[in-house]
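Comments concern the structure below.
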Amino acid sequence: MSLLSRRVLPLGRRVVLGRAMLSTTSYGSPEAASGMVMPPGFNTQAARRTSLNCPKPEARHHADGGLGKTMPPGFKAHVAELDTFTIPDRVTGSRGDRALGKALVDAWRRDGIIQLSMTDTQRQLWKDAYSASKRFFKKSHGEKAACIDSQSYAGYIGSGEEVTDGIADYSEIFTVTKDLDMSEPRVRAKWPCHGPCPWPDIEMKEPMVRYNENLGAEGEKLLQLTELGLGVAPGSLTQYTRDGWHHTRVLRFPPRYATNGKGKEGRGIGSHTDYGLFVIAAQDDVGGLFIRRPAENEKFANWEKSAAGLKEDADDWYYVPPVDGVHTVILGDMMQYLTRNYLTATPHKVGLNTRERFAYAYFHEPSFQAVLKPLEGGCGGMMQDKTAQTSEGIHYGTHFTNMFMRNYPDRITTKRLLAEDRYSLLSKPELRTMDSIPSL
Ligand SMILES: O=C(O)CCC(=O)C(=O)O
Ligand SMILES: [Fe+2]
């Protein structure tokens, strides 16, 4: 059953402008579900029918078109069916681009997440990166654990090593940050987080570098469209991404009952927001991602006070089922700060499923050196929430360093950063200006 209403926009691009959500509760009693208040934009009829008549998971799967059937066991959540957009090859500022930008902004404000259809090239890039990821995570623990660097946070993170809100996550991760060799001036000057990416081999490096380049271009187009959708001047957002501190997390989640026994039982990744502008992600067909929709009564600002653990055990999460051939895009802390809470960072978490799960999350970020200031004007004066404003701005490099130190307190990189007092460099003027970064 499709509730999507589609409209063809100029330039032959297709964008879904209609509502496209189905929702239901899972594992709840029929009474509890029927008392549920549906957020605007949701298909209440379908949800009511589902919740009243289909209390059992099997029946529910049928009623929501099968999308909920991959939800990890033991979770209570609505099932999200999301708007899917197609991004043009180039953003020119045309009427079609403006309409698309507005539709993207509206969808993020409503759902906190959108889907982008993958091009044929992207499908291939994801396929290659996925194979490389599977190959890597099959290696012995010793081989994987050797992929570590004491200066950058790039490389392997073992299951249970990452900490979210004080609890170990069972994800296994390979993080990719800017790959800078030892002779690079910023590495020689011991800038925090700057150093090589300890790739295990060329078989891992090549497909991931290619995929990240493609996603980098996608991220820039998305930023341009977001500027158009917000009605702010071109460059208002893209000025910050020159030499952007883009990075990637290549993730594997063990099956639910095969974790290493650290911490509480069976947690994928706890509730958190990500740090920068957008996260463009692909996932395999297993399922595990949950998000929270923006809500007036949910205020957080992760750069001031940790949003990790937010509403972890609440019932009103939205499960994001795997959909073949799409990237999902959620928003990060810096997008929230820049837009004064008009676009909020998307809280999300990952549950462990009955099978192992692979995902690829590309983070489109400001430059490490960028000092961000909230946007002025835009959206007919709607971006006015002064609570999100820190007058001196936010230095992205400091935010990134704080977040990684918090997540990996015991990592060699954190220890070296502290031992060599690299942290104090973050306040030096040369780390807080983009003037030294050449224009493209
Ligand atoms: O596995 C996913 O889908 C998301 C992973 C995630 O939230 C992260 O890497 O920050
Ligand atoms: Fe995340």
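Quick notes
- Along its principal axes, region 142-259 has C-alpha extents of 49, 40, 31 angstrom, given from the largest down.
- For region 182-188, backbone phi angles converted through the Karplus equation (6.51, -1.76, 1.60; θ = phi - 60°) give residue-by-residue couplings of 5, 8, 5, x, 5, 6, 5 Hz, Gly and Pro being listed as x.
- Around the amide H of GLY231, modelled in the peptide plane, lie the amide H atoms of CYS379, all under 5 Å away and 5 or more residues distant in sequence or on another chain.
- Of the chymotrypsin sites (Phe, Trp or Tyr not before Pro) in region 137-207, those whose Cβ has at most 12 other Cβ within 10 Å and which sit in DSSP loop: none
- Applying the criteria of a DSSP loop state and at most 14 other Cβ atoms within 10 Å to the trypsin sites (Lys or Arg not before Pro) of region 162-247 yields no site.
- For region 115-125, the Karplus equation 6.51 cos²θ - 1.76 cosθ + 1.60, evaluated at θ = phi - 60°, returns couplings of 10, 10, 6, 6, 6, 4, 4, 5, 4, 5, 4 Hz by residue, with Gly and Pro reported as x.
- Length gained when the stretch LYS205-GLU392 is fully extended (0.36 nm per residue, less Cα-Cα span): 63.5 nm
- Whole-Hz couplings from phi, Karplus 6.51/-1.76/1.60, listed for region 216-228; x for Gly and Pro: x, 5, 4, x, 5, 4, 4, 5, 4, 5, 5, 4, 5
- Taken along its principal axes, the alpha carbon cloud of region 392-440 reaches lengths of 37, 25, 19 Å, longest axis first.
- The gain in end-to-end length when the ALA145 to ARG416 segment is fully stretched comes to 95.8 nm, 0.36 nm per residue minus the alpha carbon separation.
- In this structure, the amide hydrogen of HIS395, modeled 1.01 Å from its nitrogen in the peptide plane, lies closer than 5 angstrom to those of LEU372, counting only residues at least 5 positions away or on a different chain.
- Cross-link partners for LYS221 among the aspartates and glutamates, with Cα-Cα distance under 15 Å and sequence neighbours closer than 8 places in the same chain left out: ASP89, ASP97, GLU213, GLU365.
- Cα-Cα over 30 Å, subset of LYS127/LYS373; LYS139/LYS305; LYS138/LYS415; LYS76/LYS305; LYS178/LYS305: LYS127/LYS373; LYS139/LYS305
- Estimated distance in nm for a label pair at ARG188 and LYS127, the labels positioned 7 Å out from Cα along Cα-to-Cβ: 4.4 nm
Values in this text are rule-based calculations from the coordinates and carry no lab data. Just so it is clear, the model here is predicted, and its values are computed rather than measured. All Cβ positions, even for glycine, are placed from backbone atoms using ideal geometry, and neighbour counts span all protein chains on display.
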